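*Asks:* Below is one structure. I have some questions about it.
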Amino acid sequence: MLAWRFAVSAVLIPLLVFVFYLDAHVGCSGLYLLILSEILAIRSVWECTDLFRDRSKRLQLPIIFSCAAAIVFAGWIPHLKGDCDVSAAMEMIALVYSFAVLLLCASEAARFRGPGGNIETLGTEILIVSYVGVLLAITTQLRWVAGMDAGYLVLGSLVVCAKGGDVGAFSVGKIFGKRKLAPHLSPGKTLAGGVGAFLGAGICGLLWLQFATPLFDSSWTAPPWYFSVIYGCIIGVVGLVGDLVESFLKREAGKKDSAALFPGFGGLLDVLDSVIYAGPAAYLLWKVLPLATWAE
């Protein structure tokens, strides 16, 4: 299993770096990231609907696909016009999400033939569109939140801290873990692992923001080290909660993994869970903490 993880990582990581490199050179439009995000959204929606297929057999897959993809695309509408302002993108995301909810409600009303399971189906559809479409749409806005040129420094900070928290949780939990953190959701997670996620993400936040910042632009000054640590620790904790939330969805559906996409990893949601869940937190932190020193 560990060998498969290394093998898959050895393929996926260079591929993602190549896509990010291409996207960083297309200006404000972020076209390559848009294509990647839509692929991630469609695959993630499929995994979510597959999870709940036994619970809600009447899920409208084409409409859920369309709604999630439209919400993600909404965040690009200003950027494709050359506008790098994230506030305009967030307004479009909120507007399209509102219409997606209206569409799902109207569609279920039109299909109504009698009481029994209709509200559960509608709730599941809105949950999937929110969990995949909204979280992914907001997370991808990190590409512009601190300026176009810093897009992958910011996105990288999220991925590095969230995954650093995952590694810290696994490593510390494996060595010191005894007391369970949430035995009903994830029997393998321990309180020691939670501490490991906190520490691992904090260290990754410190290292990434201190050393990667001048690599993106030699004139940029790294943010104060303590804000880098605070950022990383918060992302680690929120990412851990995101991992537990995905475990909750799988346990509720009675399944171990979201899908068998990556050997050793499970499904795409098993890879993205901590990242997209912590995405809105990262967006907020880049707005309120003095991390983007070059923008001051």
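*Asks:* Among the numbered conditions (1) touching a residue at least 60 places away in the same chain (Cβ under 8 Å); (2) in a helix (DSSP H, G or I), tell me where GLN210 comes up short.
*Replies:* So GLN210 meets the others, but not (1).
*Asks:* Tell me whether the range 177-194 contains one or more residues that are of a type in the set (Val, Ile, Thr) and touching a Lys or Arg at 6+ places or on another chain (Cβ under 7 Å). Explain how you work it out, then say what you get.
*Replies:* In the first step, residues of the range 177-194 are kept if they are of a type in the set (Val, Ile, Thr); the result is 190.
Narrowing the set further to residues that are touching a Lys or Arg at 6+ places or on another chain (Cβ under 7 Å) leaves 190.
Checked the range 177-194: at least one residue is of a type in the set (Val, Ile, Thr) and touching a Lys or Arg at 6+ places or on another chain (Cβ under 7 Å).
*Asks:* May I pose another question? For the range 234-257, how many residues meet the condition of being at positive phi and touching a helix residue (DSSP H, G or I) at 6+ places or on another chain (Cβ under 8 Å)? Quick ask: steps written out before the conclusion?
*Replies:* Step one: list which residues in the range 234-257 are at positive phi, which gives 254.
Filter once more, keeping what is touching a helix residue (DSSP H, G or I) at 6+ places or on another chain (Cβ under 8 Å): none.
Number of matching residues: 0.
Okay, residues lined up against (1) in the same structural domain as CYS161 (by TED's automatic domain parsing); (2) at pLDDT 85 or above; (3) surrounded by fewer than 17 Cβ atoms within 10 Å (Cβ to Cβ); (4) charged (D, E, K, R):
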residue: GLY242; (1), (2), (3), (4): yes, yes, no, no
residue: PRO263; (1), (2), (3), (4): yes, no, yes, no
residue: ILE276; (1), (2), (3), (4): yes, yes, no, no
residue: GLY279; (1), (2), (3), (4): yes, yes, no, no
residue: LEU289; (1), (2), (3), (4): yes, yes, yes, no
residue: ALA292; (1), (2), (3), (4): yes, yes, no, no
residue: ALA295; (1), (2), (3), (4): yes, no, yes, no
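*Asks:* Follow-up question, since we're still on this one. Among the residues of the range 102-121, are any buried (at least 18 other Cβ atoms within 10 Å of the Cβ), under 25 Å from TRP46 (Cα atoms) and at pLDDT 95 or above? Break it down into steps so the answer makes sense when it comes.
*Replies:* If we filter the range 102-121 for residues that are buried (at least 18 other Cβ atoms within 10 Å of the Cβ), which is where we start, we get 104, 108, 121.
Cutting the leftovers down to under 25 Å from TRP46 (Cα atoms) gives us 104, 108, 121.
If we keep only those that are at pLDDT 95 or above as well, we get 104.
Yes, the range 102-121 contains at least one residue that is buried (at least 18 other Cβ atoms within 10 Å of the Cβ), under 25 Å from TRP46 (Cα atoms) and at pLDDT 95 or above.
*Asks:* Also, quick follow-up: Which of the residues belonging to the range 47-63 are under 18 Å from the mean Cα position of the chain (by Cα) and either free of Cβ contacts under 8 Å to residues at least 24 places away in the same chain or under 18 Å from GLU108 (Cβ atoms) (or both)?
*Replies:* Correct list: CYS48, THR49.
The values are calculated or read from the model by the stated rules, or taken from the named source; none is laboratory data. Since this is a predicted model, take the numbers as computed values, not measurements. Note that each Cβ is placed from the backbone with ideal geometry, even for glycine, and that neighbours are counted across all protein chains shown.
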